[in-house]
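Reviewing the structure listed below.
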Amino acid sequence: MTRILVQGCKAGALAGVIWGLLMLGFVSPIIGQAEKYEDAAQEFEVHQHQHHHEHHHSTVSNVPDFEPSALQRPILTVLGTTLMGIAFGILMSVGLGLGMRFKLLPETLVRHPILMGAFFGLIGFLIFQGIPSLGLPPELPGIIGAENDYDARQTWWAFCVVCCGLGVISLVTLPVLLRNRMKRTYGSISFFIGAVALMLVPFIWGVPAHSELSVVPAELKTYFICVSTGVNALFWFCLGGLLFYFVYQTDRLIKGSTPKSLV
């Protein structure tokens, strides 16, 4: 298990660097455009505040916010994505190790590293970004009042990730459970319905009310959602592919057996 965790860290670090470069190349320019609209809106607010200064006390803080320089921003971006990649790589390697130890993964996938990499990448994307973004899609700077509902949005997102994780994992292990334990049809149907219902719980509970009023044009927001979703998907597929490349290169999976590091 220790060896596969190390391989997960390696795959996560490399995928995280790739993720950061993709963010810098495709996502950051869009964020930069949105920040221009946000700055223009803030300048307008300052102008309005100064216009009514005689009737209102100033509530603007004199403490400047931290703004990374042109050199610091790409470094911090890649560093952040690398650390997140390592964390996700560890989670994926733990899932792989437990799945194979308890024989919860389809044998067909186990014997094909490319399929396994794509399979685990898809699972990770759906759990952490794909399904939660249906309720709360990625947002650009410039959302008016976004700080007021930040905690509620983060809480719902974490709750959705947990529910989707349990639901997706249950669906993934369903075929194995059907073959090994569930012989009755009603048991398999109940299990399937329960897994789907679990993924729907956050949406039934309700996405928290959040501000959608933005100074950024709708076209730019839509473009950002598409690009950021595509970049995140590429990261997860890179992570899955790299993890299984390292695992299968190290252990030389023999037909009908499992890597030594997984048992």
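Which of the residues belonging to the stretch 218-247 are more than 20 Å from Cys9 (Cα to Cα) and open to solvent by 40 Å² or more (accessible area, probe 1.4 Å)? Result: Ala218, Glu219, Lys221, Thr222, Tyr223, Ile225, Cys226, Thr229. Would you mind finding the one in Pro132, Pro137, Pro141 that is open to solvent by less than 60 Å² (accessible area, probe 1.4 Å), in contact with an Asp or Glu (Cβ under 9 Å, 6 or more places away or on another chain) and not hydroxyl-bearing (Ser, Thr, Tyr)? Being open to solvent by less than 60 Å² (accessible area, probe 1.4 Å), in contact with an Asp or Glu (Cβ under 9 Å, 6 or more places away or on another chain) and not hydroxyl-bearing (Ser, Thr, Tyr) holds for just one of Pro132, Pro137, Pro141, which is Pro141.
Taken together, Leu98, Leu166, Leu91 contain a single residue that is out of contact with any Phe, Trp or Tyr (no Cβ under 7 Å at 6 or more places or on another chain), within 29 Å of Leu24 (Cα to Cα) and open to solvent by 30 Å² or more (accessible area, probe 1.4 Å), which is Leu91.
The values are calculated or read from the model by the stated rules, or taken from the named source; none is laboratory data. Quick caveat: nothing in here was measured; it's all calculated off a predicted structure. Cβ atoms come from the backbone with ideal geometry, glycine included; neighbour counts cover every protein chain shown. For the accessible areas, the whole protein counts, side chains as well, though only heavy atoms, and no ligand, DNA or RNA atoms are used. Shrake-Rupley method; radii C 1.70, N 1.55, O 1.52, S 1.80 Å.
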